[in-house]
Amino acid sequence: MDILVKFYAVDIPVSLKSTKFDLPEGSVVEDALDECLKLPEITIDEDYFKASIVLKNGGRTHLKDALSDGDVLSILRTMEGG
């Protein structure tokens, strides 16, 4: 199934705005994040990356939520500072 992942983050290169993955049926949000972590442009610590806010088709989702063909995930990285 095809999943589109969009990135909205200051610590991900601007050249990587979005990417598509062909994931097996039964995949969950965490599986898509695992695929993202395999991209050479993603150099963020795995635990820190998985703490991102993830939207599925515009709504909040959780790591174990099931994916469907055509879903769009938006990765919103948290910011730190003072």
Scalar couplings 3J(HN,Hα) for the stretch 25-40 by Karplus 6.51 cos²θ - 1.76 cosθ + 1.60 (θ = phi - 60°), nearest whole Hz, x for Gly and Pro, are 4, x, 5, 10, 3, 4, 4, 5, 5, 4, 5, 4, 5, 7, 6, x
Here the percent of antiparallel bridges among DSSP beta bridges lying wholly in the chain, to the nearest 5, is 70 percent
Candidates for Cα Rg over 2.2 N^0.38 Å are [x] 2.53; [y] 1.34; [z] 1.02, and the calculated one carries label [z]
In a Gaussian network model of the chain with springs linking alpha carbons closer than 10 Å, the residue among 14, 29, 72 that fluctuates most is 14
Counting Lys and Arg as +1 and Asp and Glu as -1 over every other residue whose Cβ sits under 14 Å from the Cβ of residue 29, the net charge comes to -1
Only helices counted: for the chain, with every DSSP H run of 4 or more residues adding -39500 (n - 2.57) and the sum spread over all residues, [θ] at 222 nm is -4500 deg cm²/dmol
Relative contact order of the chain (C-alpha contacts under 8 Å, at least 6 apart) in percent is 41 percent
Low-density loop GluC sites (Glu not before Pro), the chain, at most 15 other Cβ within 10 Å, DSSP non-H/G/I/E/B, are 25, 41, 80
Scan of the chain for trypsin sites (Lys or Arg not before Pro) in DSSP loops with at most 13 other beta-carbon atoms within 10 Å gives a longest site-free stretch of 39-63
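Quick note: the coordinates plus some simple rules give every number you see, no bench work behind them. These figures come from a predicted structure and were not determined experimentally. Don't worry about glycine lacking a Cβ; one is built from the backbone with ideal geometry, like all the others, and counts go over all protein chains shown.
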